[in-house]
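For reference, the structure is listed below as structure tokens.
The values are calculated or read from the model by the stated rules, or taken from the named source; none is laboratory data. Just so we're clear, the structure is a prediction, and the values are computed from it rather than from any experiment. Positions of Cβ are backbone-derived with ideal geometry, glycine not excepted, and every protein chain shown enters the neighbour counts. Surface areas here come from the heavy atoms of the whole protein model, side chains and all, with no ligands, DNA or RNA. Shrake-Rupley method; radii C 1.70, N 1.55, O 1.52, S 1.80 Å.
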Amino acid sequence: MIGGDGPDRVDLEARARGLGIEERVAFIGERHEIADLIRHADVFLLPSQDESFGLAALEALASGVPVVATRAGGICEVVRDGETGLLADVGDVAELSIALTRLLSDPDLRRRLGAAAAEDARARFCPGPILDRYEALYERLVG
């Protein structure tokens, strides 16, 4: 399943046809509510060249889906390499492919990283802990 309607969609559709897998690939276009789709995924792939925070990765992690992504911007703050997902260098398609294949071919690893992803996302990014950190910071700075 490939979401989005970016400039690469036409090339991706042609590639799927060329590989004879167009019947197995769903191009779902732009979606605003994707939480239900993410929950059904085995792996979430985010091959960004630049990413300020990595909100899409966080949404996948919070859904219990391990992430394969690039070490771009804030993704490294969200995805814990080897713990909640796997990271590759920006532009290293071979490394991304290896990481993706590793997760897709190892259901136990995928489940383990997915469970850790959901737990880590709740622990580090839920409003309660974040607000507690802000309050502690303000107390330290002001008081």
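Think of a 1.4 Å ball rolled over the protein heavy atoms: region 35-143 then has 59 Å² of accessible area per residue.
For the chain, the alpha-carbon radius of gyration amounts to 1.18 times the rule-of-thumb value 2.2 N^0.38 Å expected for a compact globular protein. Carbon-plus-sulfur accessible fraction, the chain (probe radius 1.4 Å, protein heavy atoms only): 52%.
With the Cα gyration tensor of region 32-105 giving a ≥ b ≥ c as the square roots of its eigenvalues, does the rule (a/c under 1.5 for rounded; else a/b larger than b/c for prolate; else oblate) give rounded, prolate or oblate? It is oblate, given that a/c is not under 1.5 and a/b is not larger than b/c. Once each part is reduced to its C-alpha centroid, what is the distance from region 1-17 to region 83-143 in angstrom? If you average the Cα positions of each part, the centres end up 27 Å apart. Ranked by the mean number of other Cβ atoms within 10 Å of their residues, highest first, the peptides 18-28, 120-130, 83-93, 62-72 come out as 62-72, 83-93, 120-130, 18-28. Between helix 9-19 and the chain there is an angle of about 50 degrees, using the helix long axis and the longest principal axis of the Cα atoms. What is region 84-137 by shape, rounded, prolate or oblate, if you read a ≥ b ≥ c off the alpha carbon gyration tensor as root eigenvalues and call it rounded for a/c under 1.5, prolate for a/b larger than b/c, and oblate otherwise? Note, shape of region 84-137 comes out oblate.
With everything on Cα atoms, drop me the angle between helix 127-142 and the longest principal axis of the chain, reported from 0 to 90° to the nearest 10. Relative to the chain, helix 127-142 is tipped by roughly 40 degrees. Phi-derived couplings, Karplus 6.51 cos²θ - 1.76 cosθ + 1.60 at θ = phi - 60°, listed residue by residue for region 37-51: 5, 4, 4, 8, 7, 7, 8, 10, 9, 9, x, 6, 8, 8, 8 Hz, with x used for Gly and Pro.
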